[in-house]
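The values are calculated or read from the model by the stated rules, or taken from the named source; none is laboratory data. Nothing here was measured: the structure is a model prediction, and the numbers come from that model. In this analysis, Cβ positions are derived from the backbone assuming ideal geometry, glycine residues included, and neighbour counts consider all displayed protein chains. Protein only, heavy atoms only, side chains kept; ligands, DNA and RNA dropped before computing areas. Shrake-Rupley method; radii C 1.70, N 1.55, O 1.52, S 1.80 Å.
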Amino acid sequence: MRQTRCRTHRPRSERPHAVSPFLDLPPLSAAGFAAIEDQVAALLHTEADVIVTQGEALLPLEAAIRGAAHPGSTALNIVTGPYGQTFGNWLRSCGATVVDLAVPFDSAVSAEQVAEALQSHPEIDFVSLVHAEAATGNTNPVAEIAAVVREHGALLMLDAVASVAAEPLLTDEWGIDLCVIGGQKAMGGPAGVSAVSVSERAWERIAANPAAPRRSYLSLLDWKERWTDAGRTVLPHAPAQLEMLALGACLDRIAADGLPTVIARHRAASAATRSGVRALGTLTPYVHEDAHAAPVATTLRTPAGLHAAELAATLDPSLPVQPGGGALAAQMLRVNHYGRAASLDTVRACLTALADATEADGAKALAAAEAAWDATV
């Protein structure tokens, strides 16, 4: 009979292993966690409570909506891209009456449009708004919109995930009640941790909402009571240590570079990309007006007959270029300027690749991009 030879396994403890910088780390202390929260507060220019949440930014966004919206409330949901659509679904599932203010995804909403909606529906007591929609490449004038919302007396929730560190964000000065950020875009940090600042008005509303989540991962009140109000001395659960350390590191890097410098770099990357693409002549900016374009990402419209996803598939995958999502995959390309990708070298590389793929004049595009970069930084 043929015998099979058995492989001998050494006990796991005897196997050689490489030392990993991600393993065997000392635990993150409550003081370290609180220090990172304070860094986030400084980045947001706020004196309000900041809750750092252990998950991607959809966690605090849903937590904010489910804490503040309830049956009997009326929400104005401003839709300038896919995230605005998601917020409307959450608001409806909370039992709120929802008034959608939708504008074309290649433009921005104006404060005048918001004011008209509020005047038409004086019962509105909550407004949800996305600062910048990375998926569509547009950005909204938050300072002007926030002033209108504040005058009306409604609570304002802002999704600033794609705008923080790419655009000015003055949470307290503008009167933003709930401001949600994530680290994975312009901050150049991790995706698995996020944060929300909560004004006193927002805490009062959430506390008065009998439908607000409690004893739940979505409960901001639980965090407030067990962590913030308790003096931030004992963490209520084990933190996502690697993500928290990465968040602290990217905040340190922003502080070392200087926030104005980081913002200017993103603006320059956007301006250079838009100018270079216009010089190509084969693609066009998806967002028509420069004032409506988000610095964190530039979206491009492909001409008829040129499928965006197929074009993207021909490019070097290391480039920060991807097709649009869903129905936009056929006609939109997105050039990301996230974090360290907001550089002139990255802009040059993307434009060169797009020029080659569309048989356009790359030299002309590069000259236009470099001129725009120099005029912006």
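Does Gly192 meet the test of being under 22 Å from Asp49 (Cβ atoms) and without any contact (Cβ under 8 Å) to a residue 40 or more places away in the chain? Step through it out loud before you land on a result.
Working: under 22 Å from Asp49 (Cβ atoms): yes; without any contact (Cβ under 8 Å) to a residue 40 or more places away in the chain: no.
The answer is no for Gly192.
Show the residue pairs meeting these rules: Cβ distance below 8 Å; 6+ apart or different chains; first residue within region 36-56 and without any contact (Cβ under 8 Å) to a residue 24 or more places away in the chain; second residue assigned to a helix (DSSP H, G or I) and open to solvent by less than 20 Å² (accessible area, probe 1.4 Å).
none
With the checklist (1) open to solvent by 40 Å² or more (accessible area, probe 1.4 Å); (2) under 21 Å from Val161 (Cβ atoms); (3) at pLDDT 95 or above in hand, flag the one item Arg340 doesn't pass.
Condition not satisfied by Arg340: (3).
Yes/no matrix, rows are residues, columns are (1) open to solvent by 10 Å² or more (accessible area, probe 1.4 Å); (2) part of a helix (DSSP H, G or I); (3) within 24 Å of Leu43 (Cα to Cα):
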site: Cys179; (1), (2), (3): no, no, yes
site: Gln184; (1), (2), (3): yes, no, yes
site: Gly189; (1), (2), (3): yes, no, yes
site: Ala195; (1), (2), (3): no, no, yes
site: Ala202; (1), (2), (3): no, yes, yes
site: Pro210; (1), (2), (3): yes, no, no
site: Pro213; (1), (2), (3): yes, no, no
site: Trp223; (1), (2), (3): yes, yes, yes
site: Trp227; (1), (2), (3): no, yes, yes
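Are any residues in region 106-138 open to solvent by less than 10 Å² (accessible area, probe 1.4 Å) and not small (Gly, Ala, Ser), and if so, which ones?
Val109, Val114, Leu118, Ile124, Phe126, Val127, Leu129, Val130, His131, Glu133, Thr136, Asn138, listed by residue number.
If you take the residues of region 288-324 that are in contact (Cβ under 8 Å) with a residue 24 or more places away in the chain and surrounded by fewer than 13 Cβ atoms within 10 Å (Cβ to Cβ), which of them is nearest to Val130 (Cα to Cα)?
Ala291
Could we say that Thr261 is surrounded by 15 or more Cβ atoms within 10 Å (Cβ to Cβ), at pLDDT 95 or above, over 19 Å from Pro190 (Cβ atoms) and not acidic (Asp, Glu) here? Steps first, please.
Working: surrounded by 15 or more Cβ atoms within 10 Å (Cβ to Cβ): no; at pLDDT 95 or above: yes; over 19 Å from Pro190 (Cβ atoms): yes; not acidic (Asp, Glu): yes.
Judged against the criteria, Thr261 is not a match.
Report those strands (runs of 3 or more DSSP E) wholly inside region 47-130 carrying at least 2 residues which are at pLDDT 95 or above and over 19 Å from Arg150 (Cα atoms). Break it down into steps so the answer makes sense when it comes.
Working: elements: 49-53, 74-79, 97-102, 126-130.
Where strands (runs of 3 or more DSSP E) fall fully within region 47-130 and carry at least 2 residues being at pLDDT 95 or above and over 19 Å from Arg150 (Cα atoms), they are 49-53, 97-102.
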